[in-house]
Amino acid sequence: MKIRYETMAVAALILLLGGCASAPQMQKVKEIYVCAGEECGPAGQTYNTTQMLFAVYQLLKQNEGKDIKICDSDPQKRNCESEGISYFVMSGVGPGMGSIKSSKMEDVELDLPGQTVTAKASRYMHFVGTPLACVPHPSVLSVRSADEITIVDDSFFCNWMVIGNMSANISFAIESVDFDKGQMGAYWTSRVAGTGYGQGSGYAVLQFAEAMPRKQNWLKTAEELSK
């Protein structure tokens, strides 16, 4: 009977995750700190929604199909402190640490009226050091204002060593964007359910392979779009 209850609980978690993505930690973001063209400061004091939307679209588009490193950090330093982000996961083979070390964004498209950037995301996840095979899935970056930017993935399927099937999701509440370094800082939330189940949250740095080219400023380029 105990096994039956555990199986039912896991099934319920799969249905829950399949129906919605994890909620971004927006309550922790008071303002977005942005750097571009060697100028830094709170985004909302200098730029508008359209400028931020266009600039983050350019960052994702320039890095389309390229590796995006994800590392643990804190909002004070905004530096990579360790490779990947991780959290505790219970599974049928025993408990262990699940992690996400990198990702990739493809099919990047700008939706100016909807104030979003859509893409197909691949998240490279591990459990106890072994890679999971995860399905590429839709991901939406939303810019509701210059100081409110989120990235939310649809729930996606992952398999671990053939025997483990899980549903996963992840979301980011962006806290900083450094276009000069090709870097985003964000509060993250992630969950998995199925053969393994668990959830975690924290602060991470997303390091893109390509930064904004020198002598360019995507935020200034977007001024015409915002008029």
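At-a-glance table
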{"read-out": "Residue satisfying condition, being farther than 27 Å from Cys35 by Cβ and either in contact with a helix residue (DSSP H, G or I) (Cβ under 6 Å, 6 or more places away or on another chain) or not small (Gly, Ala, Ser) (or both), within set Lys77, Lys120, Lys61, Lys104", "value": "Lys120"}
{"read-out": "Meets criteria (under 27 Å from Asn165 (Cβ atoms) and either part of a strand (DSSP E or B) or under 15 Å from the mean Cα position of the chain (by Cα) (or both)) for Tyr57", "value": "no"}
{"read-out": "Top-ranked residue in segment 60-94 [being outside any loop (DSSP other than H, G, I, E, B) and among the aliphatic types (A, V, I, L, M); ranked as farthest from Thr189 (Cα to Cα)]", "value": "Leu60"}
{"read-out": "Number of positions in segment 128-147 that are in a strand (DSSP E or B) and either under 15 Å from the mean Cα position of the chain (by Cα) or over 15 Å from Met26 (Cβ atoms) (or both)", "value": "11"}
{"read-out": "Out of Ala204, Ala173, Ala193, sole residue that is touching an Asp or Glu at 6+ places or on another chain (Cβ under 9 Å) and farther than 21 Å from Gly44 by Cβ", "value": "Ala204"}
{"read-out": "Hits in segment 190-211 - residues which are out of contact with any strand residue (DSSP E or B) (no Cβ under 7 Å at 6 or more places or on another chain) and either of a type in the set (A, V, I, L, M) or in a strand (DSSP E or B) (or both)", "value": "Ala211"}
{"read-out": "Any chance Ser82 is surrounded by 15 or more Cβ atoms within 10 Å (Cβ to Cβ) and either under 16 Å from the mean Cα position of the chain (by Cα) or of a type in the set (Gly, Ala, Ser) (or both)", "value": "no"}
{"read-out": "Residue in segment 51-79 that is surrounded by the most Cβ atoms within 10 Å (Cβ to Cβ), counting only those that are out of contact with any Gly (no Cβ under 9 Å at 6 or more places or on another chain) and of a type in the set (Lys, Arg)", "value": "Lys61"}
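Conditions (1) over 19 Å from Ala173 (Cα atoms); (2) among the charged types (D, E, K, R); (3) in contact (Cβ under 8 Å) with a residue 40 or more places away in the chain, marked per residue:
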position	(1), (2), (3)
Tyr33	no, no, yes
Gly37	yes, no, yes
Pro42	no, no, yes
Glu64	yes, yes, yes
Tyr87	no, no, yes
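Readers should treat all values here as calculations from the given coordinates under stated rules, not as data from a laboratory. All figures in this text were calculated on a predicted structure; none of them were measured in a lab. A quick note on method: Cβ atoms are made from the backbone with ideal geometry, for glycine too, and the neighbour counts reach across all protein chains shown.
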